[in-house]
Amino acid sequence: MTIITTKKPFEEVLGAIKNAKRLTIVSCGSCAAMCQTGGTEGAKEMADKLEKEGFQITTVIVPEEVCDNRVMKQDFRKIEEDLENTDAILTLSCGLGVASITEVLSKKFPNIPVFIGTNTEFMGMTERIGRFFMRCRGCGDCLLNETGGICPITTCAKSLMNGPCGGMVDGKCEVGKYEKDCGWILIYNRLKELGRLDFFEKLRDPVDWSESGHQREVVWR
């Protein structure tokens, strides 16, 4: 699984960091590196662009997991002197990376703002470099045991819970001009292969998004 990110327009990044002159770049070495938005190469590309615009790059680090507070605590300890001379941090990671950096920094450097140079798109299944598919939304109520391993939330354009809508034609979805497969037809065919069409006939309540939308956490007791 990869958290898929894309590059923000450079002008948008410049607008966000316009009041900073000295920058630290934190570039994700895992998911963003896979998406070619971060990693060592992404950090170098961004640093070169920013230096041409007159910014001073204080330091660049490429943690393996920017979203892991433990990793960021260790890495920030190593560059404390650089952080003392930094106006802002620019991160090339998903939104989780920004959250982690902000939380860790708040303990000792609460006045350093954190900006992001990417857009977080979705959790993706990887086919090859540069080709990713959203297959999980992290809704917290997984139905894959009843849908043949195919998620209706992400494969149905309308996230329907009880079969295809009237906009399906010849197994194709009306959303996107009938170019993509209908998610529920995929589910039906898979359940048929498994001999479990009884699951297809099951009536499900609409998704209660209030239970999966905000301030969620998982704590192991």
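The values are calculated or read from the model by the stated rules, or taken from the named source; none is laboratory data. Quick caveat: nothing in here was measured; it's all calculated off a predicted structure. We place every Cβ from the backbone using ideal geometry, glycine too, and count neighbours over all the protein chains shown.
Details
- Scope segment 68-104; condition farther than 22 Å from Glu12 by Cβ, of a type in the set (A, V, I, L, M) and touching a residue at least 24 places away in the same chain (Cβ under 8 Å); matching residues: Met72, Ile79, Leu83, Val104
- For segment 117-132, the count of residues that are under 22 Å from Lys49 (Cβ atoms), touching a Cys at 6+ places or on another chain (Cβ under 8 Å) and of a type outside the set (Gly, Ala, Ser) is at least one.
- Some residue of segment 157-171 being acidic (Asp, Glu), modelled with pLDDT of 90 or more, surrounded by 14 or more Cβ atoms within 10 Å (Cβ to Cβ) and more than 30 Å from Thr37 (Cβ to Cβ): no
- Some residue of segment 7-14 being in a helix (DSSP H, G or I), surrounded by 21 or more Cβ atoms within 10 Å (Cβ to Cβ) and out of contact with any helix residue (DSSP H, G or I) (no Cβ under 9 Å at 6 or more places or on another chain): no
- Test: Ile4 is over 23 Å from the mean Cα position of the chain (by Cα) and outside any helix (DSSP H, G or I): no
- Filter pass, Val207 being outside any helix (DSSP H, G or I), surrounded by fewer than 12 Cβ atoms within 10 Å (Cβ to Cβ) and at pLDDT below 95: no
- One residue alone among Ala20, Ala47, Ala33 is buried (at least 21 other Cβ atoms within 10 Å of the Cβ), outside any strand (DSSP E or B) and among the hydrophobic types (A, V, I, L, M, F, W, C), and that residue is Ala33.
- Sole residue being within 20 Å of Met125 (Cα to Cα) and touching a residue at least 60 places away in the same chain (Cβ under 8 Å), chosen from Ile3, Ile17: Ile3
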